[in-house]
Amino acid sequence: MKWTMKALMRQYPRAGRLEWIGLRPARRAPLTTPETVTVDAHGLVGDRYAGRSGERAVTLIQAEHLPVVASLTGHDRVDPALLRRNLVVSGINLYALRKARFRIGDVLLEGTGVCDPCSFMERSLGTGGYNAMRGHGGITARVLMGGEIAIGAPVNAALEEVEA
């Protein structure tokens, strides 16, 4: 079989898993970490960014990148709350979903791009935190269909293309 780039980009070895949920109730306020969250057309209910920008309604980071960031900053481990992302996902390459539709449980999201770090990472992770996060900041997504998601929910590519 001849593999086209389009076909290769639609192949995922397995489903991922939602590992962690974080809601930012206010600027610089401590995150809350519920077991479940309601997702509506504007984002995660209870998150300060819900309703602001559809392109950045949800932020996601790769669980497998957390030990890399910890290593680069000299920490034993990095608490996802320090990184101020909404969802931590394992087992599926988020970068491959940055311009794709995907499901977390029954919720349908569309990747809108990468989630670059901000200067707050210097405070959270220490000197060099910003550069340690570069390339490991995760992705942003918009909500196409809301619902309820819970830790442990499967993460699957929807295999529907997104216009560039």
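The values are calculated or read from the model by the stated rules, or taken from the named source; none is laboratory data. Here the structure is a predicted model, which means the values were calculated and not measured. A quick note on method: Cβ atoms are made from the backbone with ideal geometry, for glycine too, and the neighbour counts reach across all protein chains shown. Calculation scope for accessible area: heavy atoms of the full protein, side chains included, ligands and nucleic acids excluded. Shrake-Rupley method; radii C 1.70, N 1.55, O 1.52, S 1.80 Å.
Identify the residue in segment 3-21 that is of a type in the set (Lys, Arg) and closer than 22 Å to residue 87 by Cβ and, among all such residues, is least open to solvent (accessible area, probe 1.4 Å). Checked segment 3-21; the qualifying residue least open to solvent (accessible area, probe 1.4 Å) is 17.
Examine segment 99-106 for a residue that is open to solvent by 60 Å² or more (accessible area, probe 1.4 Å), touching a residue at least 40 places away in the same chain (Cβ under 8 Å), over 20 Å from residue 15 (Cβ atoms) and of a type in the set (Lys, Arg), and state whether such a residue exists. No: segment 99-106 contains no residue that is open to solvent by 60 Å² or more (accessible area, probe 1.4 Å), touching a residue at least 40 places away in the same chain (Cβ under 8 Å), over 20 Å from residue 15 (Cβ atoms) and of a type in the set (Lys, Arg). From the residues in segment 31-63 that are acidic (Asp, Glu) and either surrounded by fewer than 14 Cβ atoms within 10 Å (Cβ to Cβ) or touching a helix residue (DSSP H, G or I) at 6+ places or on another chain (Cβ under 8 Å) (or both), which one is nearest to residue 145 (Cα to Cα)? Among those that are acidic (Asp, Glu) and either surrounded by fewer than 14 Cβ atoms within 10 Å (Cβ to Cβ) or touching a helix residue (DSSP H, G or I) at 6+ places or on another chain (Cβ under 8 Å) (or both), it is 55. Considering only residues in segment 109-123 that are among the aliphatic types (A, V, I, L, M) and open to solvent by less than 20 Å² (accessible area, probe 1.4 Å), the one that is modelled with the highest pLDDT turns out to be 109.
Within segment 140-164, take every residue that is modelled with pLDDT of 95 or more and small (Gly, Ala, Ser) and give me the one that is surrounded by the most Cβ atoms within 10 Å (Cβ to Cβ). Among them, the one singled out is 141. Residue pairs whose Cβ atoms lie under 9 Å apart, sitting 6 or more positions apart in sequence or on different chains, and linking a residue in segment 83-97 that is on the phi > 0 side of the Ramachandran plot and touching a residue at least 60 places away in the same chain (Cβ under 8 Å) to a partner that is surrounded by 18 or more Cβ atoms within 10 Å (Cβ to Cβ) and assigned to a loop (DSSP other than H, G, I, E, B), are 84/22; 84/24; 84/31.
Mind listing just one residue for me: the one in segment 50-66 that is within 15 Å of the chain's Cα centre (by Cα) and of a type in the set (Gly, Ala, Ser) and, of those, nearest to residue 122 (Cα to Cα)? Checking each candidate, the answer is 63.
For segment 34-46, the count of residues that are closer than 22 Å to residue 113 by Cβ and among the charged types (D, E, K, R) is nonzero. Here residue 152 fulfils each of the conditions (1) in a loop (DSSP other than H, G, I, E, B); (2) closer than 21 Å to residue 24 by Cβ apart from (2). For segment 124-139, taking the residues that are in contact (Cβ under 8 Å) with a residue 12 or more places away in the chain and in a loop (DSSP other than H, G, I, E, B), the one that is most open to solvent (accessible area, probe 1.4 Å) is identified as 134.
The residues of segment 118-140 that are among the hydrophobic types (A, V, I, L, M, F, W, C) and under 18 Å from residue 96 (Cβ atoms) amount to a single one, 139.
Within segment 64-85, being farther than 15 Å from residue 113 by Cα and surrounded by 22 or more Cβ atoms within 10 Å (Cβ to Cβ) holds for 66, 69, 78, 83.
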